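The values are calculated or read from the model by the stated rules, or taken from the named source; none is laboratory data. Computed from a predicted model, the values in this text were never measured in an experiment. Cβ placement follows ideal geometry from the backbone for every residue including glycine, while neighbour counts extend to all protein chains displayed.
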Amino acid sequence: MKRLQFEFQTNLDFSCGMSEHCFTLRCIPVSDGRQTIAEPKCVILPHSGKVWRSRDSFGNTLICGRMNEEHSGFLFKVSGEASIENSCEAPGIAQPFYRAYTELTAAGEKLLAFYEENRPAAADVRLRAEQLCEAVYNAMVYQRGETGVKTTAEEAFSVGKGVCQDYAHIFLSLLRTDGIPCRYASGLAFECGETHAWVEINDGTRWIGIDPTHNRYIGGGYIKLCHGRDYSDCPIERGIYRGNGDSVQTVSSKVTEV
Amino acid sequence: MNTPVADARAINELLARYGVKFGIYKNGSFKEQLFPFDAIPRVITAEDFADMEKGLVQRVDALNMFLADIYSEGKIIKDGIIPEDFVYISKGYLAPCAGVMPPKGIYSHISGIDLVQAKDGEWYILEDNLRIPSGASYPLIARELCRMTSPSVFESGKIADNRNYASLLRSTMDNVNCGGINVILTPGRYNAAYFEHSYLAEKTGAVLVQNTDLFVEDNILYMKDYLGGKTKVGAVYRRISDEYLDPLTFLPESLIGVPHIMDAYRAGNVAILNAPGNGVADDKGIYYFVPKMIKYYLDEEPILKNAPTYLPFYEEDRKYVLDNLEKLVIKDVSEAGGYGVVFGRDMTKEQLSDWRTLITEQSRRFIAQEVIDFIDLEVMENGQSVMRKADLRAFVLSGEKTRVWPSGLTRFSRIADSFVVNSSQGGGFKDTWVLLPE
Ligand SMILES: Nc1ncnc2c1ncn2[C@@H]1O[C@H](COP(=O)(O)OP(=O)(O)OP(=O)(O)O)[C@@H](O)[C@H]1O
Ligand SMILES: [Mg+2]
C-alpha cells in the first residue's frame, strides 16, 4: 500500500471578463476498494456564486457551480491524502453500455483491420487485453500537438501519434471490438505533472486498470478522479460562459509519497 | 357525416391570421410556411376508435416499460428478446440517463403514434414518436375555428369534443410535477413548432419560457421572475431535443439548453416531459421489436399491427430485402420528417443496385417494409374533389392512466399518388372527428 499526498489545480485565464459561468467539475476522487481517499478538499475561486454537489450516472461525484458576476479568471484546487493498494483492481461490475462503441471509440476501417491483425489468441480476458494494449503501445508514438480533445480513436490511429487520451481511446475501441467491457479513466499519476488517462477493463467482477501509454497495469501511483465510456463522458472540467474572450487553461498536479 | 364545414378558404385565412404556421429549413435557410388545412374532416367511427384506443394504450404502456427496463436492468436484452446491438449503440440511447428513474416511472408522457388505414379497413402502426411529437395544436385550432364558422355541426352531440387536449396535457404534467410550476420550454420563435408551444402554454396555464428564463442551483430548477426572485419549477414540458437540453451533459455548443438541468432531473427534483433518452425506443430499428415487447412485458397479443418489417441486420431478412427491393420501402433508421424514406418502385436499375450495396454494407442503418396501400381521403383542390393519401397521428397521453385523445392530426399528401404525407414535404392537414357511440 502507498500513502500519497495529492494536489491538483486548474486555472482558467480569460482574455476579458466572463459572466453567467456554469461549470461541472469531476475532480473529486472517490474511494473504490483500490484507492481510499481521506477528506478531499476543493477550493474554487472566485468565491462569488453558488457551488453544490451532484452525481452522474457513471458514479462520479460532480462539483457544480454557477457564477453570474463578471470574472476574468477561474481556478479550482483539490487536495487530499490517498491510500492506494499496490494493485490494479477494484471490485465492480460493468453496465452493458460499456461494451458499446461511442462516437470517439467507434472502430472504422483502419482499426478493424488492425484488430484483425492483432486478434488475441488467449481466452482469458486479461490476457486478451494485455495483447491489445501492447499492440496499441507499439503502433503509436507519443507526441503532443497532433491531436485534440475531439479526435476520435480512428483518426488518432490513422495519424499514428497522440497523447494518453488517444492511446486510451484506441485501446477502448479495440477492446470493444473484442467484446470486452471497458471504460475511460482520468486522473493523476505519480511521475506526471498533469492529468493522465488510462483504461479499465471489466472481467465480470472487477475493474482492472491498464495504462496503454506505458503498456503496463496501473499501480500504487495512480489516483483516479473519474471515468466514463470515453473522454467526452467525463471531462474533469466542463463549463460555459458568456463573453467574447478566449481562455487559457493551465493544469498542474503534484503527487508525493508520505 | 363528412360534410365539409363552411368553406376552407375562410378557415385557411383565419389560420393564417392566427399565425398557424410551421417552419422548415430548406437549402440552409429558414422559411415559414402555412400548413394547408382541408375542410373535409377524417371521420373515425366510435367502434373503430374504441379498438384503436385499446391498441394504442397497450403499445404506449409497453414502450414505457421498455424504457424503464433499458435504463435499469435491461431484462429484455438478457432474456434475448432484443439484441444488445440495437440498443446501446442507438443514437437515442443516452448513457447519462442510465439508472435514473423519472418521476412515477413515466418516460413517454406525450406519444405521437403514426398510423395508416389499409384499404381493407385494418389500421397499421407506421411509427412511434416518443421524443417531442408535434402537431396536436393544428386539429385543436382548426376545430376551434370550425366551431365558430359552423357551430351547428358540433352541437349535434355526435362528435367527440377535442378541447380536452389541454386538460389532458395539464393533468399529465401535474401527475409528475415534483413541486413547483409547470413550464413549456421553447427554443424560440424560429422553431418549426413555435406556434404550437405558445398555443399549448396558453391553453394549459403553463408558463412559456426560453432557456434564459431558467437556471439551476443546488440541483433545483428555477424560473427567474421579474423582481429578481425565483420560482421553483416542478415539471418542464420541453420542446427542444435531448442533445440540446443541457450543454454541460450533452452538446456543449447548445445555446438553447439549460445548464445543469440534468442534475436537477437526476436528483428527482424536476420532471422532464418527455424524459431524455426516449429516442432509443422510437428508433426505426426498435420499431420492429415493439410487438415482441408487448408480449414480453404485458403477456398480451398486440392489438394493432406493425407494417411488415425486415431488419437487414438478420441474414434471412437481408436476403429477402435484397431480393425484393423493388417492391419495398427503405428507411434510414436515424432520419425523421420523411427524409430518408425511399420507395424501391421509384428507383432506376442503377439506384437499386447502389441501394443493395449500401444495405449490405450498413445493415444496421436501414429497415425495409412492405408498402401498405393505405386509403386515399377526399381533399378539395381548387374547388375540385380529389383523392389523396392520408395518415393519422394519434396522441396518447400517459398521466395517472394512459389515455388517447379522441381526435388527432390527419396529414395528407398534396401530390397525387404520393405516399409521403409529411408537412415538411409539403403535405396538408385535416381535422379528425371521432364519433361518439350512438
Ligand atoms: N410501409 C409504408 N407503406 C406506405 N407508405 C409508407 C410506409 N412507410 C412510410 N410511408 C409513408 O412515408 C411517410 C413517412 O414515413 P415515416 O413516418 O416512417 O418517416 P419519418 O421520416 O419518421 O416521418 P415523421 O417522423 O415526420 O412521421 C409516412 O407518413 C407514410 O406516408
Ligand atoms: Mg412518421
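Numbers at a glance
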quantity	calculated
Residue in the stretch A:145-156 that is in contact with a strand residue (DSSP E or B) (Cβ under 6 Å, 6 or more places away or on another chain) and crowded, with 20+ Cβ neighbours inside 10 Å present	yes
Any hit, the stretch B:50-60, residues being surrounded by fewer than 22 Cβ atoms within 10 Å (Cβ to Cβ), touching a Leu at 6+ places or on another chain (Cβ under 7 Å) and in contact (Cβ under 8 Å) with a residue 24 or more places away in the chain	yes
Hey, A:PHE6 buried (at least 19 other Cβ atoms within 10 Å of the Cβ), over 25 Å from B:ASP218 (Cβ atoms) and hydrophobic (A, V, I, L, M, F, W, C) or not	yes
Criterion violated by A:LYS150 - all others in (1) within 26 Å of B:ILE89 (Cβ to Cβ); (2) more than 14 Å from every other protein chain (Cβ to nearest Cβ) satisfied	(2)
Failed item, numbered, when B:SER334 is tested on (1) more than 16 Å from ligand 2 (Cβ to nearest atom); (2) within 14 Å of chain A (Cβ to nearest Cβ)	(1)
Residue match in the stretch B:361-379 (condition: away from every other protein chain (no Cβ under 14 Å), more than 30 Å from B:ILE89 (Cβ to Cβ) and either within 16 Å of ligand 2 (Cβ to nearest atom) or out of contact with any strand residue (DSSP E or B) (no Cβ under 6 Å at 6 or more places or on another chain) (or both))	yes
Qualifying residue in the stretch B:110-120 (condition: surrounded by fewer than 19 Cβ atoms within 10 Å (Cβ to Cβ) and in contact with a helix residue (DSSP H, G or I) (Cβ under 8 Å, 6 or more places away or on another chain))	no
Residues being out of contact with any Cys (no Cβ under 8 Å at 6 or more places or on another chain), of a type outside the set (S, T, N, Q) and more than 9 Å from chain A (Cβ to nearest Cβ) - total across the stretch B:95-117	13
Residue in the stretch B:412-426 that is aliphatic (A, V, I, L, M), away from ligand 2 (no atom under 16 Å from the Cβ) and in the same structural domain as B:VAL176 (by TED's automatic domain parsing) present	yes
Filter result for B:TYR199 (in a helix (DSSP H, G or I) and among the aromatic types (Phe, Trp, Tyr))	yes
B:GLY408 under 30 Å from B:ARG59 (Cα atoms) and more than 11 Å from ligand 1 (Cβ to nearest atom)	yes
Total residues in the stretch A:152-169, condition in contact with a helix residue (DSSP H, G or I) (Cβ under 7 Å, 6 or more places away or on another chain), of a type in the set (A, V, I, L, M, F, W, C) and without any contact (Cβ under 8 Å) to a residue 40 or more places away in the chain	1
Among the residues listed as B:ASP85, B:ASP120, the single one being modelled with pLDDT under 95 and more than 14 Å from chain A (Cβ to nearest Cβ)	B:ASP120
Residue within the stretch B:138-152 that is more than 16 Å from ligand 2 (Cβ to nearest atom), surrounded by fewer than 21 Cβ atoms within 10 Å (Cβ to Cβ), assigned to a helix (DSSP H, G or I) and small (Gly, Ala, Ser) present	yes
Yes/no for B:GLN425 being within 16 Å of ligand 1 (Cβ to nearest atom), at pLDDT below 95 and out of contact with any helix residue (DSSP H, G or I) (no Cβ under 8 Å at 6 or more places or on another chain)	yes
Residue in the stretch B:271-278 that is within 16 Å of ligand 2 (Cβ to nearest atom) and within 14 Å of chain A (Cβ to nearest Cβ) present	no
Scan of the stretch B:346-374 for residues that are more than 11 Å from ligand 1 (Cβ to nearest atom) and either outside any helix (DSSP H, G or I) or touching a residue at least 24 places away in the same chain (Cβ under 8 Å) (or both), ordered by number	B:MET347, B:THR348, B:LEU352, B:TRP355, B:ARG356, B:ILE359, B:THR360, B:GLN362, B:SER363, B:ARG364, B:ARG365, B:PHE366
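Table: residues versus (1) more than 26 Å from B:PRO308 (Cα to Cα); (2) at pLDDT 95 or above.
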site: B:LEU352; (1), (2): no, yes
site: B:ALA368; (1), (2): no, yes
site: B:ARG388; (1), (2): no, yes
site: B:LEU397; (1), (2): yes, yes
site: B:SER413; (1), (2): no, no
site: B:GLU438; (1), (2): yes, no
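Every residue, every condition in (1) more than 25 Å from A:ASP230 (Cα to Cα); (2) of a type outside the set (Asp, Glu); (3) buried (at least 17 other Cβ atoms within 10 Å of the Cβ); (4) in contact with a helix residue (DSSP H, G or I) (Cβ under 7 Å, 6 or more places away or on another chain), yes or no:
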{"position": "B:GLY228", "(1), (2), (3), (4)": "yes, yes, no, no"}
{"position": "B:GLY234", "(1), (2), (3), (4)": "yes, yes, yes, no"}
{"position": "B:LEU245", "(1), (2), (3), (4)": "no, yes, yes, yes"}
{"position": "B:LEU248", "(1), (2), (3), (4)": "no, yes, yes, no"}
{"position": "B:VAL258", "(1), (2), (3), (4)": "no, yes, yes, yes"}
